[in-house]
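Here the structure is laid out as structure tokens; the discussion comes afterwards.
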Amino acid sequence: MAADETAYIPPTEADLGLIKRILPHRYPFLLVDKVRDIVPMKSCVGIKNVTANEPHFEGHFPQEPVMPGVLIIEAMAQTSAVLVGTTMDLADKGLGTYFMSIDKCRFRRKVVPGDVLELHVTTLRGGGKVWKFEGRAIVDGELAAEAEFMAMLSRG
């Protein structure tokens, strides 16, 4: 390594700015506000602040807004993509992360406006183009959803 080069040191957290440099998603489909406790290749915790202003609540359901389960799983996937992006130094590299499978998916409690959704993601297999994760969505210490999912890295 040349004297002016420094080795990449993965961050232990990602703010919204770094998340946007890794993920292609934007409003209304960017579902992670920050990521903390990043352990490269292994795990992290995404944070999603659920607000009544999100467009899906207008129709799901107007009298009793509930965050759609598929969006909770998508938030887990976005969190895992940030883990991969920080691990592999992929900010500003234009790589996408695409679902390959979703297994063992269970929904345990409603997620509603005002909740803070913690997205606990653990790598089951990874390091190349295909990664497998276990995700748990937690609100106030209570399990809201869980799933295993696989994703592939690819250029747009």
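Nothing in this text is a laboratory measurement; each read-out follows from the coordinates by a stated rule. Note that the structure is predicted; figures quoted are calculated from it, not measured. Every residue, glycine as well, gets a Cβ built from its backbone with ideal geometry; the counts of neighbours run over all protein chains shown.
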GNM on the chain, Cα springs under 10 Å; top mean-square fluctuation among M76, M100, M67 goes to M100
Longest principal axis of the chain (C-alpha) makes with the long axis of helix 69-87 (C-alpha) an angle, in degrees to the nearest 10, of 10
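Remind me, what semi-axes does segment 35-156 give for its equivalent ellipsoid, largest first in whole Å, using sqrt of 5 times each Cα gyration tensor eigenvalue? Spell out each step's value before the answer.
Details: eigenvalues 132, 43, 36 Å².
Largest first, segment 35-156 gives 26, 15, 13 Å.
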Treating only Lys and Arg (+1) and Asp and Glu (-1) as charged, each at its beta carbon, one finds that the chain has a dipole about its Cα centre, in Debye to the nearest 20, of 440
Per-residue ellipticity at 222 nm attributable to helices in the chain (runs of n ≥ 4 DSSP H, -39500 (n - 2.57) apiece, nearest 500 deg cm²/dmol) works out to -5500 deg cm²/dmol
For segment 52-57, Karplus-derived ³J(HN,Hα) couplings (6.51, -1.76, 1.60; θ = phi - 60°; whole Hz; x for glycine and proline) come out as 5, 7, 6, x, 5, 5
For A52 and E13, extending 7 Å from Cα along the Cα-Cβ vector and measuring point to point gives, in nm, a value of 2.9
Pseudo-spin-label distance D92 to R36, built 7 Å along Cα→Cβ, given in nm, is 2.7
